[in-house]
Amino acid sequence: MSSSFSWDEPEGLAARGTLIVLSGRGEHGGVYERFGRRLAFDAYRVRALGDPAADPSVLDEAAKLLADESLPGPKVVVGSDTGGHYAVQLAADADALILVGLPTSPWTSGSWEEEVEARTACPTHQGRLAADPDFRRGALAENPRLPAPRLDRVTVPVLALHGTDDTVSPLETAREAYAGSGVRLVTFHGGRHDVLNDALHRTAAATVVLFLERLRLSPALPVIAEGPA
């Protein structure tokens, strides 16, 4: 079974829900530490797993977490990169999905420098990836055979996060993949492939928290804050 990483709500606070993160190509759950800690600070439990394309046991582990009654709901599956394709497979047992940089076509990398630049514009995260012995360089070019993201069959709320400067999964092709499915797409100006670990990671995390707060009220995602008329 793949290793998982956990972040819990601060002591004294009631947990508000659980996020189960499926990592993308070359990644492991620890890559999402910054995201996990930020969401945990807002009292959401985060369980970050590995790359299902490289380790099929990740899906079994995610299914067990979804069925674990000790974990608070709503339970939301977050799929980054190719993890998004697998997240859709778990939709029937989840309360919602969050898809980040869903791949829509193959991508090839000429060098490590090109790959890390495509993944994130955040210098801190670039440095962490470069120093991480468990991160697999060159994985973006592997292009594994993936399950089709049948979003038309998904009945739970879906939030999609996508960078406007994503060269791994260009925004326009992502829009086509989401068209007609009821997915709520939020784009990040200047954002690259992994918006959860990009230069705008704080804004991405805040967008996720707002989605979760609305989900806690109702699957219809009622508006809870508006600007002046």
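The values are calculated or read from the model by the stated rules, or taken from the named source; none is laboratory data. Model, not experiment: these values are computed from the prediction. All Cβ positions, even for glycine, are placed from backbone atoms using ideal geometry, and neighbour counts span all protein chains on display. Accessible surface is based on the protein model in full, side chains and every heavy atom, while ligands, DNA and RNA are left aside. Shrake-Rupley method; radii C 1.70, N 1.55, O 1.52, S 1.80 Å.
Details
- Rg/Rh (Cα only; Kirkwood hydrodynamic radius) as it applies to segment 165-225: 1.01
- Within segment 188-227: backbone nitrogen closer than 20 Å to the Thr155 label point (7 Å, Cα to C-beta): 215-222
- Dimensions of segment 1-71 along the principal axes, based on C-alpha atoms and rounded to the nearest Å, stand at 37, 26, 13, largest first.
- Segment 1-41 and segment 45-109 have Cα centres separated by 12 Å.
- Cα radius of gyration and Dmax for segment 108-178 (Å): 14.7, 40
- Long-range Cα-Cα pairs in segment 110-229 (distance over 22 Å), rounded percent: 46
- Taking 20 Å as the cut-off, the amide N atoms of segment 120-141 that come nearer than this to a point 7 Å along the Cα-to-beta-carbon line of Thr203 belong to 120-126.
- Around Arg216: net Lys/Arg minus Asp/Glu count, Cβ-Cβ under 13 Å: 0
- Rolling a 1.4 Å probe over the protein heavy atoms gives the chain an accessible area of 45 Å² per residue.
- Rounded to 5, the percent of DSSP beta bridges in the chain classed as antiparallel: 10
- Annotation: segment 137-177 has a Kirkwood hydrodynamic radius of 12.5 angstrom, from the mean reciprocal C-alpha pair distance.
- The simple spin-label model puts a point 7 Å past each Cα toward its Cβ; for His189 and Leu217 those points are separated by 2.7 nm.
- Relative contact order (%) - criterion: Cα under 8 Å, at least six apart; region: the chain: 19
- Nearest-20 debye value, segment 130-207 charge dipole, Cβ charges on Lys, Arg, Asp, Glu: 220
- Dimensions in Å of segment 1-130 - Rg and Dmax from alpha carbons: 14.9, 49
- Kirkwood-type hydrodynamic radius, the chain: 17.5 Å, calculated from all non-identical alpha-carbon pairs.
- Tail fraction, Cα-Cα pairs, segment 50-111, threshold 14 Å, whole percent: 58
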